[in-house]
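**Student:** Just passing along the structure, written as structure tokens.
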Protein chains: 2
Amino acid sequence: MLVSKIISVGDEILIGQIVNSNASYIGEKLYSIGIPVKKIVTIGDTKEALLEELDDSILSFDVTVITGGLGPTHDDITKPVITEFFNEELVTDEKILEHVKGIFRSRNIRMPEVNFEQAKVPANCRVIFNHGGTAPGMWMEKNNKVVICLPGVPFEMKDMIDRYVLKMLQEKFVSNVNYFLKSKTLLTTGIGESHLSEMIGNVEDIIEENKLAFLPSMYGVRMRIDVKGADEKNADDKIFKIENEIRKKVGQYIFGVNDDLLEKEVGKMLEERNLTLAVAESCTGGLISSKITDISGSSKYFFGGVCTYSNNSKFYILDVKSGTLENHGAVSEETAMEMAENVRKKFNADFGLSTTGIAGPSGGTETKPVGLVWIGFSSKEKTFAKKYLFGNNRERTKLRAAYAALDLLKKNLK
Amino acid sequence: MLVSKIISVGDEILIGQIVNSNASYIGEKLYSIGIPVKKIVTIGDTKEALLEELDDSILSFDVTVITGGLGPTHDDITKPVITEFFNEELVTDEKILEHVKGIFRSRNIRMPEVNFEQAKVPANCRVIFNHGGTAPGMWMEKNNKVVICLPGVPFEMKDMIDRYVLKMLQEKFVSNVNYFLKSKTLLTTGIGESHLSEMIGNVEDIIEENKLAFLPSMYGVRMRIDVKGADEKNADDKIFKIENEIRKKVGQYIFGVNDDLLEKEVGKMLEERNLTLAVAESCTGGLISSKITDISGSSKYFFGGVCTYSNNSKFYILDVKSGTLENHGAVSEETAMEMAENVRKKFNADFGLSTTGIAGPSGGTETKPVGLVWIGFSSKEKTFAKKYLFGNNRERTKLRAAYAALDLLKKNLK
């Protein structure tokens, strides 16, 4: 089996300033093409440490991916060290230079001198184009071992992996990979890990020689199925069988697979049916609206929303009756229902969603504790609100309430 | 200077199922006691890989912290491998056995056979007590080099580091640590890495024998100063001097230090002056509002906002004149100004902020390209809008526009 290694370069990881999430992303992707990572090494911005790791890479790993240290400042050492290690010299790549100049042109700012350096690459490397930034990626080879350098900025690195690196690796190693690793993740929301596992029952009966991992996250539990097949068809068959068994037992909690996003799934459903949405947010503070508008094309079905963070604004902006606020309070079934209904009507949308709750850490009472959230739903046919308790972490409550609102909409779209 | 290394054991990190946040925690703590981490290695659950890393540790690192692989199941290899490496044998520790039994007793469940193994440790190790779980920590020594094994469960590991490990290391190495390491990070927004570096000029003149690292993120560049002082006072003096020089040159771009958040700094300024804010968001889709309400206590100064994602809603909800939308378009200086002014008045707030732009990837034209954003500001005294170009990544444009809006408010609060 082919094996790979990741070298993360940067003092900021060593001193704990940032968490190495790049390595997780790359690890998952290399696994998916049958070249699993066997070692991840993080080193500082020093020449000696990188040279030592490169020696080890060329000796023992088919593929090495290096991230970080490709910027234009004095502390970026990866490019000069790689160039020296492979006995190369740096030459200017005109296409990259045009791209770098274009980035500054498009932002209407003068390009600093130092960015000319960004367009230089080792003479015999294969360039991996960076659409999102100025630092090009580089593919080098020695003794049939591949070393790939990518920038440490996550969205640039991810785009380059997905757009180019995986395909280039698959082309190079097509004859060496006579097995097929595949994984599929089922995404759930609205149920905890232990309840999920209880409903599924004895895992071994379902997965046999394969693997199933439970991965809790802020909005729900992901279940990851890992199989190794003789070929893609065989791996797919194995996954299909396991997924089927799991869906029979907990299908109602699964809202998507792999990289699906609840906000995207809900958006697709709205768009397909030509339906529209508006939201009225209190405790989620704009987060639902922001999640929905993360999806390109959301303007087709999302008319907008209001964030009524003060009591006054619920009354003035959203016309919630003062009687409702006085008798039941801002965090109540009645207020949530009025918010959902009024925002739907104000924006002239098919659906209205609302949230009102106590995100904490302060503001809780005996009867209305921190973490209490009412989520309202309104369509032409019906308006109602549902009560949730999300615990005492502010950030988590916001996120869970936002996903619960989207989940409520999804269930009522079915 | 003393140096340390972290070995993280576990397949789940290699295949990207979990992010290695344990290493960040340990890295920060070891740095704080003057034993900085120079290498972090993640390996799978195999004996060979761990033995190889232990050889390297004993050769080159004063301290090695291993996490993971201490559980009671077949795939937990750390304890047997460590025992073999140090030529020890496993003996039952009665105090640990009592503790393990107690854990099961307190949960009222029978203790499985396999947990008797948890109470065994190498005969000559120093036990690091685990109050939160069944796996004990172990401290081993060879040639004055220390190897510490801790469980991979984050809250158990953290408790053991804070309660015992740091103190034990300080006691052992008290005569070796005759220096003080300190770092401080200056946070900027609204300027790119290369322009920042150009404005600062020759870094060496400012930092002398110390370090300055540029760390780009989605919303701005962080600059981390690292110094080594004779003692804490001396380290503080060095940082003070360097920070001063940097602030002289690029102070207007620095909005905070270390873990500060722009949304928190702006909130503090509003709260201190008893001023209030409302926002009207188009292309940021609720993100500004969500960022502001991430801060506990934001209801004191944040009245709320509207997200007018459709043209109609700008007109109906926010009373932007139809003439403005027809003559100048939704993405224009005029619309941004009306949005900011109208939302301020509607919410009866002191300040209004607005965003309108083309987040992309589609919707751009020759004169209004993807990434164009107008940000509006309105107070009782003045209303204006500023033009920005943020490039063609949707997520990044949203984030940069949100931070640019907060930065605009901050500058006008001064």
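The values are calculated or read from the model by the stated rules, or taken from the named source; none is laboratory data. Bear in mind the structure is a predicted one, so any value in this text is a computation, not a measurement. FYI the Cβ positions are ideal-geometry reconstructions off the backbone, even for glycines, and counts take in every protein chain you see.
**Student:** Condition (residue is within 14 Å of another protein chain (Cβ to nearest Cβ) and not basic (Lys, Arg)) applied to the stretch A:235-256: is it met by at least one residue?
**Tutor:** no
**Student:** When the residues of the stretch A:48-80 are narrowed to those that are within 11 Å of chain B (Cβ to nearest Cβ) and assigned to a helix (DSSP H, G or I), which ends up surrounded by the fewest Cβ atoms within 10 Å (Cβ to Cβ)?
**Tutor:** Selected residue: A:Glu48.
**Student:** While we're looking at this one, here's another question. Within the stretch A:369-383, how many residues are within 20 Å of A:Gly329 (Cα to Cα) and loosely packed, with under 15 Cβ neighbours inside 10 Å? Steps first, please.
**Tutor:** Our first condition is that a residue be within 20 Å of A:Gly329 (Cα to Cα); within the stretch A:369-383, this holds for A:369-378, A:383.
Narrowing further to those that are loosely packed, with under 15 Cβ neighbours inside 10 Å: A:369.
Total meeting the criteria: 1.
**Student:** Run down B:Ala359, B:Ala402 and say which single residue is in a helix (DSSP H, G or I), within 13 Å of another protein chain (Cβ to nearest Cβ) and touching a Lys or Arg at 6+ places or on another chain (Cβ under 9 Å).
**Tutor:** B:Ala402
**Student:** Moving to a separate point now. Do we have A:Asp237 as at pLDDT below 95, more than 23 Å from the chain's Cα centre (by Cα) and assigned to a helix (DSSP H, G or I) here?
**Tutor:** When the stated conditions are applied, A:Asp237 does not pass them.
**Student:** In addition: Could you tell me how many of the residues in the stretch B:175-201 are more than 7 Å from every other protein chain (Cβ to nearest Cβ) and either of a type in the set (D, E, K, R) or touching a His at 6+ places or on another chain (Cβ under 8 Å) (or both)?
**Tutor:** 2
**Student:** Are any residues in the stretch A:353-387 touching a helix residue (DSSP H, G or I) at 6+ places or on another chain (Cβ under 9 Å) and farther than 18 Å from A:Ile288 by Cβ, and if so, which ones?
**Tutor:** A:Gly360, A:Pro361, A:Gly363, A:Val370, A:Lys380, A:Lys382
**Student:** Out of everything in the stretch B:104-159 that is assigned to a strand (DSSP E or B) and basic (Lys, Arg), what residue ends up being surrounded by the fewest Cβ atoms within 10 Å (Cβ to Cβ)?
**Tutor:** Initial filter on the stretch B:104-159 (assigned to a strand (DSSP E or B)): B:120-122, B:126-128, B:137-142, B:145-150.
Now narrow it down to the ones that are basic (Lys, Arg): B:120, B:126, B:142, B:145.
On the way: B:Lys120: 18, B:Arg126: 15, B:Lys142: 13, B:Lys145: 15.
It comes out as B:Lys142.
**Student:** Test of understanding: among B:Asp162, B:Asp93, B:Asp75, which residue is within 25 Å of B:Val19 (Cα to Cα) and at pLDDT 90 or above?
**Tutor:** After ruling out the rest, the residue left standing is B:Asp162.
**Student:** What is the one condition in (1) assigned to a strand (DSSP E or B); (2) surrounded by fewer than 24 Cβ atoms within 10 Å (Cβ to Cβ); (3) hydrophobic (A, V, I, L, M, F, W, C) that B:Val306 does not satisfy?
**Tutor:** The failed condition is (2).
**Student:** List pairs: first residue in the stretch B:207-233 and over 15 Å from B:Val250 (Cβ atoms) and more than 8 Å from every other protein chain (Cβ to nearest Cβ), second residue β-branched (Val, Ile, Thr) and not in a loop (DSSP other than H, G, I, E, B) anywhere in the structure, Cβ distance under 8 angstrom, at least six positions apart or on different chains.
**Tutor:** B:Asn210/B:Ile225; B:Asn210/B:Val227; B:Asn210/B:Ile242; B:Val227/B:Ile239; B:Val227/B:Ile242
**Student:** Quick check on the stretch B:293-302. Is at least one of its residues crowded, with 16+ Cβ neighbours inside 10 Å, within 25 Å of A:Thr276 (Cβ to Cβ) and touching a residue at least 24 places away in the same chain (Cβ under 8 Å)?
**Tutor:** Checked the stretch B:293-302: no residue is crowded, with 16+ Cβ neighbours inside 10 Å, within 25 Å of A:Thr276 (Cβ to Cβ) and touching a residue at least 24 places away in the same chain (Cβ under 8 Å).
**Student:** Taking the conditions exactly as written (surrounded by fewer than 21 Cβ atoms within 10 Å (Cβ to Cβ), of a type in the set (D, E, K, R), within 14 Å of another protein chain (Cβ to nearest Cβ) and not in a loop (DSSP other than H, G, I, E, B)), does B:Glu204 satisfy them or not? Break it down into steps so the answer makes sense when it comes.
**Tutor:** Values: surrounded by fewer than 21 Cβ atoms within 10 Å (Cβ to Cβ): yes; of a type in the set (D, E, K, R): yes; within 14 Å of another protein chain (Cβ to nearest Cβ): yes; not in a loop (DSSP other than H, G, I, E, B): yes.
Answer is yes for this residue.
**Student:** State whether the residues of the stretch B:274-283 include one that is surrounded by 24 or more Cβ atoms within 10 Å (Cβ to Cβ), at the interface with chain A (Cβ under 9 Å from one of its Cβ atoms) and in a loop (DSSP other than H, G, I, E, B).
**Tutor:** Checking the stretch B:274-283: at least one residue is surrounded by 24 or more Cβ atoms within 10 Å (Cβ to Cβ), at the interface with chain A (Cβ under 9 Å from one of its Cβ atoms) and in a loop (DSSP other than H, G, I, E, B).
**Student:** Moving to a separate point now. Please go through the stretch B:371-386 and pick out each residue that is in contact (Cβ under 8 Å) with a residue 24 or more places away in the chain and more than 9 Å from chain A (Cβ to nearest Cβ). Working first, answer last.
**Tutor:** Quick first cut of the stretch B:371-386, residues in contact (Cβ under 8 Å) with a residue 24 or more places away in the chain only: B:371-380, B:383-385.
B:Leu372, B:Val373, B:Trp374, B:Ile375, B:Gly376, B:Phe377, B:Ser378, B:Ser379, B:Lys380, B:Thr383, B:Phe384, B:Ala385 - these are the residues of the stretch B:371-386 that are in contact (Cβ under 8 Å) with a residue 24 or more places away in the chain and more than 9 Å from chain A (Cβ to nearest Cβ).
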